[in-house]
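This report concerns only the one structure given below.
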Amino acid sequence: MLTLSAVAAATGIAMLVATALPSGAATPEEADAGTPRVGAGVLAATAGCGRAPTLTSGTHSIQSGGKTRSFVLRIPDNYDNSRLYRLVFGFHWLGGNANSVVSQSYYGLLPLANNSTIFVAPEGLNNGWANSGGEDVTFTDDMIRTIGNALCVDTAQLFSLGFSYGGGMSYALACARATVFRAVAIYAGGVISGCNGGTQPIAYLQAHGLTDNVLSISGGRSMRDRFVRNNGCTAASPPEPAQGSGRHTEFHYSGCSAGYPVAWYAFDGGHTPTPLDAGSNTPWLPQETWTFFTQFQSTPTPGPTTPTPGPTTPTPGPTTTPPPTGGACRVTSTVNAWNTGLTESITITNTGTTTVNGWSLVFALPSGQTITSGWNASYSPASGQVTARNASYNATIAPNASVNIGFQATHTGNTAKPTSYTLNGAACALA
């Protein structure tokens with residue numbers, strides 16, 4: 001367990017030089033000048049793409065800041081060097097270590113990833129993340145570079161999460177590497193690994209217990225509010241559960257800059273990374289985190305060799321053929337496929353005159369396709385006739401407004417997209 005007296009204050013932080021950034025990442029100076037941010041979803045492949053992997057699953061050591069540092073790597077089964085992979089860092093708590101994170105399946109995300117993601121569990125100095133002089137941020141830079149040189153990583157899909165001291169380390173990365181990481185998740189964290197910078201937006205999720213007596217929820221609220229401001233969200237006082245209720249509350253801030261949401265979870269409990277609702281034996285936080293991370297997608301996804309992206313705008317049918325008729329909705333869908341998988345991005349537009357309040361989109365997946373993960377909606381079942389249901393934060397579609405959802409799937413050769421969609425029972429026009 002983390003005790004505040006065990007945490008030395010971090011003072012200063014090393015500036016990340018250009019050579020320490022992953023391929024394609026913008027420096028802080030470039031980001032300030034308006035250069036497109038990797039974090040905003042610009043696809044960037046690392047040097048390891050298209051090459052035989054030079055790292056395997058297991059423990060690895062590197063030199064960083066004149067010290068020998070180590071991490072445990074988990075590479076997907078049937079790793080494909082032509083596919084760009086999401087990269088997730090899981091930082092351990094004080095007194096824990098890299099293997100502690102591994103034993104917890106990287107905070108419960110590993111089984112949800114279904115071989116779509118590379119996971120890293122770094123080892124902290126003295127079983128913690130004091131980040132003295134910024135050395136743990138530099139260590140993270142060095143891991144990103146090492147892994148990117150050895151494996152095929154999408155540098156627009158870097159994520160970090162951690163509990164307690166590991167949450168503090170993820171917060172330090174949100175502050176110092178907002179242009180490198182796409183999103184972070186902070187579980188019961190505190191500002192205990194420093195916050196160098198802390199002025200740029202990053203997609204941000206935080207969960208904290210009402211009765212946490214190690215790192216107080218009041219401190220967690222202050223951490224959250226920094227990124228509410230950075231992300232341009234509308235200030236709010238989210239509802240929180242009553243003590244003794246055995247429940248949790250979920251709040252998604254409104255008004256945030258596009259691509260930079262803030263999600264806040266408060267739960268009736270103490271200092272734990274695996275809160276449970278009363279009467280449940282299943283932690284709810286892993287799925288919430290996975291849904292939050294996977295809402296961010298890079299396009300296009302390359303094929304086995306030279307990327308051949310689809311058109312950047314929908315390709316209409318012949319101009320002499322009228323568009324199909326349908327209900328008061330329009331669907332635009334784009335598929336990006338590789339040898340055994342694909343992603344489909346779907347835009348639903350309300351073409352009617354009344355607001356849609358709560359929605360479900362039904363479509364039939366072509367034979368051989370199976371959904372493995374999705375974003376901005378829940379999907380059931382994973383194959384055959386699928387129903388995508390709204391998330392809590394996108395249930396309303398105003399007239400002429402749109403929502404974007406999507407999913408990742410495996411396939412056995414058929415990479416076609418569905419031929420029809422119905423929204424709340426009404427057939428949609430296809431664009």
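Every residue, every condition in (1) within 14 Å of H252 (Cα to Cα); (2) at pLDDT 95 or above; (3) surrounded by fewer than 20 Cβ atoms within 10 Å (Cβ to Cβ); (4) in contact with a Phe, Trp or Tyr (Cβ under 8 Å, 6 or more places away or on another chain), yes or no:
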residue: A176; (1), (2), (3), (4): no, yes, no, no
residue: V184; (1), (2), (3), (4): no, yes, no, yes
residue: P201; (1), (2), (3), (4): no, yes, no, yes
residue: A207; (1), (2), (3), (4): yes, yes, no, yes
residue: V214; (1), (2), (3), (4): no, yes, yes, no
residue: R226; (1), (2), (3), (4): no, yes, yes, no
Test: residue in the range 120-129 that is more than 19 Å from A188 (Cα to Cα), aliphatic (A, V, I, L, M) and either at pLDDT 95 or above or surrounded by 20 or more Cβ atoms within 10 Å (Cβ to Cβ) (or both): yes
Residue that is surrounded by the fewest Cβ atoms within 10 Å (Cβ to Cβ) [pool: residues in the range 231-253 that are farther than 22 Å from A278 by Cα and without any contact (Cβ under 8 Å) to a residue 40 or more places away in the chain]: S237
Only listed residue being part of a loop (DSSP other than H, G, I, E, B), at pLDDT 95 or above and buried (at least 17 other Cβ atoms within 10 Å of the Cβ), chosen from P275, P302: P275
Filtered residues of the range 364-381 (kept if out of contact with any strand residue (DSSP E or B) (no Cβ under 6 Å at 6 or more places or on another chain) and surrounded by 15 or more Cβ atoms within 10 Å (Cβ to Cβ)): P366
Looking only at the range 382-396, and only at residues there that are in a loop (DSSP other than H, G, I, E, B) and modelled with pLDDT of 90 or more, the one that is surrounded by the most Cβ atoms within 10 Å (Cβ to Cβ): S383
Residue list for the range 45-71, restricted to those being more than 19 Å from G166 (Cα to Cα), among the basic types (K, R) and not in a loop (DSSP other than H, G, I, E, B): K67
Yes/no for F363 being modelled with pLDDT under 90 and aromatic (F, W, Y): no
Residues within the range 168-186 that are part of a helix (DSSP H, G or I) and within 18 Å of T294 (Cα to Cα), tallied: 2
Residue in the range 72-114 that is farthest from the chain's Cα centre (by Cα), counting only those that are within 22 Å of T282 (Cα to Cα) and assigned to a loop (DSSP other than H, G, I, E, B): W93
Residue within the range 397-409 that is surrounded by 16 or more Cβ atoms within 10 Å (Cβ to Cβ) and either modelled with pLDDT of 90 or more or part of a loop (DSSP other than H, G, I, E, B) (or both) present: yes
Failed item, numbered, when I348 is tested on (1) surrounded by fewer than 16 Cβ atoms within 10 Å (Cβ to Cβ); (2) touching a Phe, Trp or Tyr at 6+ places or on another chain (Cβ under 9 Å): (1)
Selection count, the range 130-172, where residues are more than 13 Å from V88 (Cβ to Cβ), small (G, A, S) and at pLDDT 95 or above: 10
Subset of the range 130-145 that is of a type in the set (S, T, N, Q) and either touching a Cys at 6+ places or on another chain (Cβ under 7 Å) or part of a helix (DSSP H, G or I) (or both) - its residue that is surrounded by the fewest Cβ atoms within 10 Å (Cβ to Cβ): S132
Filtered residues of the range 348-406 (kept if within 20 Å of T294 (Cα to Cα) and among the aromatic types (F, W, Y)): W375, Y379, Y393
Selection count where residues are free of Cβ contacts under 8 Å to residues at least 40 places away in the same chain and not polar (S, T, N, Q), scope the range 102-128: 4
Residue list for the range 247-270, filter: in contact with a strand residue (DSSP E or B) (Cβ under 9 Å, 6 or more places away or on another chain) and part of a loop (DSSP other than H, G, I, E, B): R247, Y253, C256, G259, Y260, P261, D268, G269, G270
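The values are calculated or read from the model by the stated rules, or taken from the named source; none is laboratory data. Remember, it's a predicted structure, so these values are computed and weren't measured experimentally. All Cβ positions, even for glycine, are placed from backbone atoms using ideal geometry, and neighbour counts span all protein chains on display.
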